[in-house]
Amino acid sequence: MDSIDNVHIRRLDLTLLIVFEMLLKKRNMSAVAAEMGLTQSAVSHAVGRLRSVFDDPLFVRKGAGVEPTARAQLLGPPLAEALTGIRDAVQIGRRFDPGTATRQFTVAAPDTVVAKIAQVVLAELARTAPHCQIMFRTFSHESAAAAVVAGDVDLAVGVFLDSPRRTVSRPVAYETFRVVARRDHPRITGTLDLDTYCSLDHILVSHDRDARGTVDMALGGLGRRRRITAVMPQMLLAFAAASQSEAIITAPLSACLYAASLFPLTLHEPPLAIPSFELTLLRHRDGLADPAITWLARLVTAAFSL
């Protein structure tokens with residue numbers, strides 16, 4: 001934005017924008033004055049200042065009222081959007097009415113978590129907050145936590161062993177592991193044993209260059225190793241690949257169950273002890289004062305119980 005734009009903006013105030021918005025709807029200065037508790041002279045003065053800022057008549061007399069110019073009609077939608085944003089901002093920390101709010105929320109979560117909760121979240125959004133929007137984003141757990149700290153996302157769901165300062169967390173689910181293989185896998189018959197498990201090709205889902213996971217640490221404790229043939233950025237891509245190959249995946253149970261509903265896959269008990277883990281909902285500490293974020297956190301948490 002250049003200095004000339006800043007000069008024009010400094011000549012505006014919110015009262016002028018509200019007068020503009022009301023006049024665009026009512027097309028009558030007396031009606032606007034009565035509704036805003038102003039004199040008709042004050043409304044006329046406000047219109048004069050608007051004309052000066054926008055270098056356009058904006059409203060011309062027509063009978064007992066006024067008619068917006070083409071420029072005024074073009075200005076209507078962006079100025080209305082700006083006022084809506086300001087009104088929403090003023091209400092942050094005061095109240096949140098889902099039925100009338102026009103908020104955009106952002107949630108960071110692994111793709112399989114999004115798949116698990118999206119149906120419930122979107123249904124509730126349509127039912128109780130029809131003018132709101134939710135954006136799901138997929139990051140590594142570290143990047144998701146950083147995005148919460150930076151204020152780039154409202155909530156993050158993932159595995160956060162050490163929650164960053166300025167954030168608060170709460171558990172939303174506990175996960176165990178299963179091994180997933182294609183339904184007609186030629187080398188798995190009956191119970192999957194450790195020797196067969198280690199000899200098969202494995203797919204690892206990771207955003208990191210270091211292609212090691214919880215399973216590799218558990219195997220290391222037994223003096224065993226596995227061969228990771230592919231590292232993929234998302235679970236669903238990995239499950240799709242496993243359904244068409246002889247590679248296997250060791251993944252959280254909820255993700256495996258969801259994948260088995262989409263692809264021809266079979267779940268197996270892991271042939272070794274793999275520690276379970278906690279799935280956590282992370283939010284910024286400053287957001288505790290925002291009832292809209294609290295409403296969203298309750299909605300996302302509830303989706304895990306269904």
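Here are the numbers for this structure:
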quantity	calculated
Equivalent-ellipsoid semi-axes of the chain, from the Cα gyration tensor, Å, largest first	58, 18, 17
The stretch 167-208 residues near the modelled residue 214 label - backbone nitrogen below 16 Å, point 7 Å along Cα→Cβ	171-180, 204-207
Phi-based couplings in Hz for the stretch 212-229 (Karplus 6.51, -1.76, 1.60; Gly and Pro marked x)	9, x, 4, 4, 5, 5, 5, 5, x, x, 9, x, 10, 9, 10, 9, 8, 8
Between helix 141-150 and the chain: long-axis angle, C-alpha atoms, 0 to 90°, nearest 10	20 degrees
The chain, helix-only ellipticity at 222 nm - DSSP H runs n ≥ 4, -39,500 (n - 2.57), divided by all residues, nearest 500	-14000 deg cm²/dmol
Accessible area of the stretch 178-282 belonging to carbon and sulfur atoms, whole % at 1.4 Å probe	50 percent
Whole-angstrom Cα spans of the stretch 124-187 along principal axes, big to small	49, 35, 19
Separation between Cα centres of the stretch 172-232 and the stretch 100-122, rounded to whole Å	29 Å
Residue 104 paired with residue 225, simple spin-label distance in nm, labels 7 Å along Cα-to-beta-carbon	4.8 nm
Spatially proximal aspartates and glutamates relative to residue 25 (Cα-Cα < 16 Å; intrachain offsets below 8 disregarded)	35, 67, 81
Simple Cβ-charge dipole of the chain, Lys/Arg +1 and Asp/Glu -1, about Cα centre, in debye nearest 20	680 debye
Inter-site label distance for residue 120 and residue 69 at 7 Å from Cα along Cβ, in nm	5.5 nm
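The values are calculated or read from the model by the stated rules, or taken from the named source; none is laboratory data. Because the structure is predicted, anything quoted here is derived from the model rather than measured. Note: ideal-geometry Cβ built from the backbone for every residue, glycine included; neighbour counts use all protein chains shown. The area values use the complete protein model at the heavy-atom level, side chains included, leaving out ligands, DNA and RNA. Shrake-Rupley method; radii C 1.70, N 1.55, O 1.52, S 1.80 Å.
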